[in-house]
């Protein structure tokens, strides 16, 4: 399908689904589906966690299944269309420190569509939610209490543990969602950890998720969102004093690609995605 025809179809779909009554009805459906899927998923994740615990020290299988909850929900939610693109990761057990820009809570659901497992650094409030918090614990996600130094130290120790077990960790280096959609400054922790452990940084760029769930409105919005995987950045030969340069390099890469993705979404011409860092071509589609 040509780009103009696709743009017209998306515009028509937005107008239809943008109707307030229709959006309310579809949102009720989507929330109901989400609740049902979560209830079904808890015993499934629990069973995998129990069966694999003796030999899956990184809780890779339980975490991978947990993330697939988001795939099922998105396919049953007519308001959302999610896409993945970019570098293809051929070895899912090679650990990375994965970093991404942060536009919305829905970023978490979008990034979970990537076909490999990673443990998420998440604020402690998520772990207190019934069902979801239980699955996060079984998946081995990492809790942090904002503003508490001891909690931050414990979280860093847990991330080192997951990396040592050949599982990637996922961090939003902005620290919180951007209120304007523009990329905020990055905090230092992810980049210090990458150099300390010699782990490559894997940058992600998300675009379009901010319309999927607008703050202050319980209804879902129409969203055609994408997460793009950029080329990994090696850190093995870097010294700790270079963490600031690494941070700024990653920030610039994400900012540049985010601008290109926004131009692409607006129907403008953009250059191709950069080549893959693991010997594979970076082409649109599933990584």
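The values are calculated or read from the model by the stated rules, or taken from the named source; none is laboratory data. Bear in mind that the values here come from a model prediction, so they are computed numbers and not experimental data. Reconstructed Cβ throughout: ideal geometry from the backbone, glycine too, with neighbour counts over all protein chains shown.
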Original post:
Picking from 99, 39, which residue would you name as being outside any loop (DSSP other than H, G, I, E, B), touching a residue at least 40 places away in the same chain (Cβ under 8 Å) and surrounded by fewer than 17 Cβ atoms within 10 Å (Cβ to Cβ)?
Top reply: 39
Original post:
If you go through segment 136-145 one residue at a time, how many are out of contact with any strand residue (DSSP E or B) (no Cβ under 6 Å at 6 or more places or on another chain) and part of a loop (DSSP other than H, G, I, E, B)?
Top reply: 1
Original post:
In segment 42-64, what count of residues is obtained for those that are under 14 Å from residue 137 (Cβ atoms) and touching a helix residue (DSSP H, G or I) at 6+ places or on another chain (Cβ under 7 Å)?
Top reply: 8
Original post:
Going by the conditions given, is residue 140 more than 15 Å from the chain's Cα centre (by Cα) and surrounded by 21 or more Cβ atoms within 10 Å (Cβ to Cβ)?
Top reply: yes
**OP:** Determine whether segment 103-118 contains at least one residue that is in a strand (DSSP E or B), in contact with a strand residue (DSSP E or B) (Cβ under 6 Å, 6 or more places away or on another chain), crowded, with 23+ Cβ neighbours inside 10 Å and free of Cβ contacts under 8 Å to residues at least 60 places away in the same chain.
**Re:** yes
Original post:
Going by the conditions given, is residue 256 under 21 Å from residue 117 (Cβ atoms), surrounded by fewer than 20 Cβ atoms within 10 Å (Cβ to Cβ) and modelled with pLDDT of 95 or more?
Top reply: no
Original post:
Out of the residues in segment 147-175 that are farther than 27 Å from residue 41 by Cβ and under 20 Å from the mean Cα position of the chain (by Cα), which is surrounded by the most Cβ atoms within 10 Å (Cβ to Cβ)?
Top reply: 173
